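Participant: Following this message is one structure expressed as structure tokens.
The values are calculated or read from the model by the stated rules, or taken from the named source; none is laboratory data. In this text the structure is predicted, and so the values were computed from the model without any measurement. Cβ coordinates were reconstructed from backbone atoms using ideal geometry, including for glycine residues, and neighbour counts include every protein chain displayed. All accessible areas refer to the heavy atoms of the entire protein, side chains included, with ligands and DNA or RNA removed. Shrake-Rupley method; radii C 1.70, N 1.55, O 1.52, S 1.80 Å.
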Amino acid sequence: MRYLLILFIIFAIVNSVIAEDVDFFSQRKMMVEQQIQKRGVSDKKVLDAMLKVERHVFVPSDVRNLSYIDSPLPIGKGQTISQPYIVALMTELADLKVDDRVLEIGTGSGYQAAILAELSEEVYTIEIIPELAKRAEKLLKELAYDNIKVREGDGYLGWPEYAPFDVIMVTAAPPAIPEKLIEQLAEGGRMVTPVGEAGNQVLRLLIKKQGDVVEENIIPVRFVPMVHE
Ligand code: SAH
């Protein structure tokens, strides 16, 4: 009798875990279709990565049930994980190739880094808040993303040891585009970054062509500010 009871409890636990995963999967599928594809992101590789990476794993437990809503969410320390559509749009704009070397500024939860790591072999990410850097590093390691290097530091300086980068993605808004980051962009490289003061930011795509930088404004956005150390 007791064995039966234990068996039943194990069954119930396993079942609820599976049910939650299935539910999150269907929510994620809806997120990709309704929030991302419908707004015009069409790169199959980007859509597949957004479907694969479990956003709820990167979201703190108190807001986990909101993981797949059309919104940024708090991740602690006054910071946020970006809205799914913005993550997808920025990833599509970056036009990642498998052998690209990618730098992200603003690791936050580590979610965007995981998306980047699904598409490119080498991802470097810098976070200025030590607790967030440590938490993301631990989580990404648990998830076996051994192609991501996390560093605690000031993203304004870039990561000169590994420059140049084919892609630089900035996920906090600087008032103006940091010179050091432009320097660390490879020839043919793409930089995707919000820029501007709070309330007046725009998402910008920069492409380095024959040493010159071609810039394009994409859409108005709202990001947390990129702070100086
Ligand atoms: N990409 C993140 C969301 C980032 S929110 C994700 O997927 O969850 C922006 C992050 O940029 C915050 O964690 C903030 O602490 C960090 N940040 C702000 N200024 C920075 C700087 N100068 N260097 C590195 N990180 C910075």
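Participant: Net charge near Ser120: determine it from the other residues with C-beta under 13 Å of the C-beta of Ser120, scoring Lys and Arg +1 and Asp and Glu -1.
Facilitator: The answer is -3.
Participant: Carbon and sulfur: what percent of the chain's accessible surface (1.4 Å probe)?
Facilitator: For the chain, the apolar C and S fraction of the accessible surface comes to 57 percent.
Participant: Related question: Among residues other than Gln34 whose Cβ falls under 12 Å from its Cβ, what is the net charge (Lys/Arg +1, Asp/Glu -1)?
Facilitator: +2
Participant: Here is a further query. Using 1/(1 + (r/R0)^6) with R0 = 25 angstrom and r between the beta carbons of Leu66 and Ile218, what's the FRET efficiency to the nearest 0.05?
Facilitator: For R0 = 25 Å, the calculated efficiency reads 0.45.
Participant: For segment 75-104, which trypsin sites (Lys or Arg not before Pro) are both in a DSSP coil and crowded by at most 15 other Cβ atoms within 10 Å?
Facilitator: Here the sparse-neighbourhood loop sites are Lys77, Lys97.
Participant: Further, regarding this structure: With unit charges on the beta carbon (Lys/Arg positive, Asp/Glu negative), name the residue among Val102, Thr80, Leu157 whose Cα is farthest towards the positive pole of the charge dipole of segment 79-187.
Facilitator: Positive-most Cα among the choices belongs to Thr80.
Participant: Nearest 20 debye, what's the magnitude of the dipole of segment 154-229 about its Cα centre given +1 on Lys and Arg Cβ and -1 on Asp and Glu Cβ?
Facilitator: Around 260 debye, computed over segment 154-229.
Participant: Would the chain count as rounded, prolate or oblate if I go by the C-alpha gyration tensor, calling it rounded below 1.5 in a/c and otherwise prolate when a/b exceeds b/c, oblate otherwise?
Facilitator: Since a/c reaches 1.5 and a/b is larger than b/c, the shape of the chain is classed as prolate.
Participant: Place the peptides 198-207, 110-119 in order of packing, highest mean first, counting for every residue the other Cβ atoms within 10 Å and averaging per peptide.
Facilitator: Per-residue Cβ counts within 10 Å, averaged per peptide and sorted highest first, yield 110-119, 198-207.
Participant: When ligands, DNA and RNA are left out and all protein chains stay put, how many square angstrom of accessible area per residue does the chain have with a 1.4 Å probe?
Facilitator: 52
Participant: Under a cut-off of 19 Å between alpha-carbon atoms, report the lysines in cross-link reach of Lys208, not counting same-chain residues fewer than 8 places apart.
Facilitator: Cross-link targets: Lys97, Lys180.
Participant: With a ≥ b ≥ c the root eigenvalues of the C-alpha gyration tensor of segment 10-142, is it rounded (a/c under 1.5), prolate (a/b larger than b/c) or oblate?
Facilitator: Oblate, since a/c reaches 1.5 and b/c is not below a/b.
Participant: Let me ask another. Counting only pairs 8 or more places apart or on different chains, how many lysine pairs in segment 22-78 have C-alpha atoms closer than 23 Å?
Facilitator: So the count works out to 6.
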